[in-house]
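The values are calculated or read from the model by the stated rules, or taken from the named source; none is laboratory data. Note that the coordinates shown come from a computational prediction; the quantities given were computed from them, not determined experimentally. Note: ideal-geometry Cβ built from the backbone for every residue, glycine included; neighbour counts use all protein chains shown. We work out accessible area using only protein heavy atoms, side chains counted, and drop any ligands, DNA or RNA first. Shrake-Rupley method; radii C 1.70, N 1.55, O 1.52, S 1.80 Å.
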Amino acid sequence: TLTTTDCVTISGSLVVTDRITELSAERFKENIQPLVNSLEKTIQLEGVSFNKIGKTETEIGFIAEQVAQIYPEFIEYDSSGKEVVGIQYSRVTAALLESIKELNTRITSQQIFIDSLAARIEKLENK
């Protein structure tokens, strides 16, 4: 067990044999607001493939500086608070989920419209 109130930096890989849990219970939160316009923001994100300088392994992800322009709340900064260090990828999940829900609402609305058009066409054809 490692307990610290400070940042832990690991240079290299971290392998977790059980799970990583982030503190997320409602009792620890305040000013809770639903996410809005998630789809509009999420489609601005650009997934990229890359290799880290000095490495040959291809990875996929985002460029943190670009993400900071769209979702600054996903970004981790250095101790000065000025230099972008990385992305808190687990936070991307909530935005993606809300984007999927927005898409589902659009699809449902479009399907209702399509069904009504199909019914009108069928009615016209049967006259």
³J(HN,Hα), Karplus 6.51/-1.76/1.60, whole Hz, each residue of the stretch 6-14, x for Gly, Pro: 10, 6, 10, 10, 10, 9, x, 8, 10
Per residue, in Å², the accessible surface of the chain once ligands and nucleic acids are set aside, probe 1.4 Å: 89 Å²
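In whole percent, and with a 1.4 Å probe on the protein chains, what portion of the accessible area of the chain is carbon and sulfur?
Result for the chain: 53 percent of the exposed heavy-atom area is carbon or sulfur.
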Nearest 10 degrees, 0 to 90: helix 92-125 Cα axis against the chain principal axis: 10 degrees
Mean residue ellipticity (222 nm) of the chain, computed from DSSP H runs ≥ 4 via -39,500 (n - 2.57), nearest 500: -12000 deg cm²/dmol
Per-pair calculated FRET efficiency, R0 = 41 Å: ARG120 and ARG27 via Cβ, rounded to 0.05: 0.20
